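Written out below as structure tokens is the structure these notes cover.
Where a number appears in this text, it was derived from the coordinates with a stated rule and is not lab data. Nothing here was measured: the structure is a model prediction, and the numbers come from that model. Cβ placement follows ideal geometry from the backbone for every residue including glycine, while neighbour counts extend to all protein chains displayed.
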Amino acid sequence: METPRRETFSEYVLDEDKRHNESPSLADIQLRLDDIRERIDRRAKVEMVRIVLVTKGFPVSTLMVAKGLGLRDFGENYFQEFSQKARLIPDISWHFIGRLQRNKISHISLLASAIHSVGREVELSDLAHKNFQGEVFLQVRSDDLQERNGFDPAVVGGMIRIGRDLGLNICGLMGVASISGGHSAPEFFRLLGKLRDTYGLERLSMGMSSDFELALDYGATDLRLGKAILGPRPN
Ligand SMILES: *Cc1c(COP(=O)(O)O)cnc(C)c1O
């Protein structure tokens, strides 16, 4: 039976937003995941696209439900939460997507299979020092706001070279579209796509719940999705 909810996905999401503090059920997550996979399918070569489920703020029980549905790449922003969850659920590819603190890099490099948020040159040498062999994404700033994590687009080529010379697996670029000024999301995603092509990188980590379809249009391979799959974050 075709579920009518699927046709009115945005209404469904809005309804969901009204019910806070409830753990999403397996059926809820499955429904949203199916919808998202369909939408990815319409816009991209599915085999290239990886869904990184952003689990920050969600309890381990919710992560286990998602794992039961076949999701195998989870992303976290904050060190404590990342570290606890990654130890509790070791048979998952863990992606660190938050700002790196130098004194945590050693620990993160032991638990992560990918780090999306390398944004300073010193972090490259720290990771090389720890012999990190996972996937490294260089984060690119969406505008010249210095407080934003990430490299200026002008230095990306140099950083790729430095990272590779250090023996790191620099596989792609990551970006978070600005919500306040700077490049618009399409401008920024286009820029990231161009940089990826210029440097012949394989992967592009861009697109979150609110803009993943746009990101796919510009060649995203790694969608970092939280709310779109798990619903609103519990408070
Ligand atoms: C929280 C977060 C996401 C996921 O956000 P949603 O809106 O839940 O999809 C993706 N990327 C980064 C860097 C984040 O901090």
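Here are some notes:
- Looking only at residues in the stretch 68-82 that are within 16 Å of the ligand (Cβ to nearest atom), part of a loop (DSSP other than H, G, I, E, B) and not aromatic (Phe, Trp, Tyr), the one that is farthest from VAL140 (Cα to Cα) is LEU71.
- The set of residues from the stretch 28-47 being of a type outside the set (Asp, Glu) and surrounded by fewer than 15 Cβ atoms within 10 Å (Cβ to Cβ) comprises ARG37, ARG42, LYS45, VAL46.
- Scanning the stretch 200-216 for residues that are assigned to a helix (DSSP H, G or I) and charged (D, E, K, R) turns up just one, GLU213.
- For first residues located in the stretch 192-211 and in contact (Cβ under 8 Å) with a residue 40 or more places away in the chain and polar (S, T, N, Q), partners that are in a loop (DSSP other than H, G, I, E, B) and surrounded by 21 or more Cβ atoms within 10 Å (Cβ to Cβ) and lie 6+ apart or on another chain with Cβ distances below 9 Å form the pairs SER205/ILE97; SER205/GLY175; SER205/ALA220; SER205/THR221.
- Extreme residue, farthest from the ligand (Cβ to nearest atom), among residues of the stretch 88-142 that are within 23 Å of MET64 (Cβ to Cβ) and among the aromatic types (Phe, Trp, Tyr): TRP94
- Residue selected from the stretch 200-214 under the condition over 15 Å from HIS116 (Cα atoms) and within 11 Å of the ligand (Cβ to nearest atom), by the criterion surrounded by the fewest Cβ atoms within 10 Å (Cβ to Cβ): SER210
- Test set (1) within 14 Å of the ligand (Cβ to nearest atom); (2) over 14 Å from the mean Cα position of the chain (by Cα) - GLY193 fails condition number: (1)
- Answer residue from the stretch 217-227, given it is over 13 Å from the mean Cα position of the chain (by Cα) and either within 13 Å of the ligand (Cβ to nearest atom) or of a type outside the set (Phe, Trp, Tyr) (or both) and is surrounded by the most Cβ atoms within 10 Å (Cβ to Cβ) among those: GLY219
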